[in-house]
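Written out below as structure tokens is the structure these notes cover.
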Amino acid sequence: MTETTYIAFLRAVNVGGHTVKMERLRELFTELGLSGVRSYIQSGNVFFRTDETDRAALTRRIEEHLAAALGYPVPAMLRTVEEVESLLAAEPFAGFEAGPDVRLVLVFLSEPLPTGFPLPQTSPKGHYEIIGADPGTAYVVMHLLGGRMNTNPGAVFGKSYPGQGTGRFLHTTHKILAAARKA
């Protein structure tokens with residue numbers, strides 16, 4: 001069987017008092033029988049290979065193992081290298097530019113936004129704009145106020161969204177993809 005290389009974008013890693021060393025995180029993925037396990041920076045980006053074809057079952061297995069080992073839920077958004085390549089090639093932020101007060105954020109979603117979710121959408125205080133989405137990712141332009149992001153980009157969808165999301169800056173996602181491509 002052919003193995004697929006996945007990137008696990010993990011939420012709740014090394015934020016909010018939940019600290020885990022990347023070495024330990026790699027061990028936890030290896031314990032699941034996944035191969036070629038590597039990580040990139042401290043924010044919960046793990047690369048691995050598997051011949052498992054049921055992505056939903058694989059995601060559940062990873063989330064259950066991490067929760068049991070770490071003592072708190074760690075939502076995992078799995079994407080193949082090819083999916084992230086296609087996402088970035090589509091240039092979802094065409095016409096927008098990051099700068100001192102603007103951050104471009106890809107929010108990886110556990111499930112699509114609800115049918116009828118209004119896009120584009122700007123927050124009442126102008127902290128962010130959700131400029132678009134595909135079934136697995138929302139494209140969020142964050143406006144810094146006083147040099148700080150004033151909301152979690154992974155939580156901008158409100159109570160109407162039953163899933164989970166975890167954000168990565170666009171420039172960081174390019175670096176994650178480059179690291180994942182390395183054998």
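The values are calculated or read from the model by the stated rules, or taken from the named source; none is laboratory data. Here the structure is a predicted model, which is why all the values come from computation and not from measurement. Note that we place each Cβ from the backbone using ideal geometry, even for glycine, and neighbour counts take in every protein chain shown. Heads up: the accessible areas ignore ligands, DNA and RNA and are worked out on the full protein's heavy atoms, side chains in. Shrake-Rupley method; radii C 1.70, N 1.55, O 1.52, S 1.80 Å.
Annotations for the structure displayed:
- Matching strands (runs of 3 or more DSSP E) fully within the stretch 118-183 where at least 2 residues are surrounded by fewer than 18 Cβ atoms within 10 Å (Cβ to Cβ) and free of Cβ contacts under 8 Å to residues at least 60 places away in the same chain: 128-134
- Every listed requirement among (1) surrounded by 14 or more Cβ atoms within 10 Å (Cβ to Cβ); (2) over 22 Å from THR137 (Cβ atoms); (3) modelled with pLDDT of 95 or more is met by ALA68 save one, (1).
- Screening ALA57 on (1) touching a residue at least 40 places away in the same chain (Cβ under 8 Å); (2) open to solvent by less than 40 Å² (accessible area, probe 1.4 Å); (3) in a helix (DSSP H, G or I) shows it passes everything except condition (1).
- Looking only at residues of the stretch 71-105 that are open to solvent by less than 70 Å² (accessible area, probe 1.4 Å) and among the hydroxyl-bearing types (Ser, Thr, Tyr), we find that the one that is modelled with the highest pLDDT is THR80.
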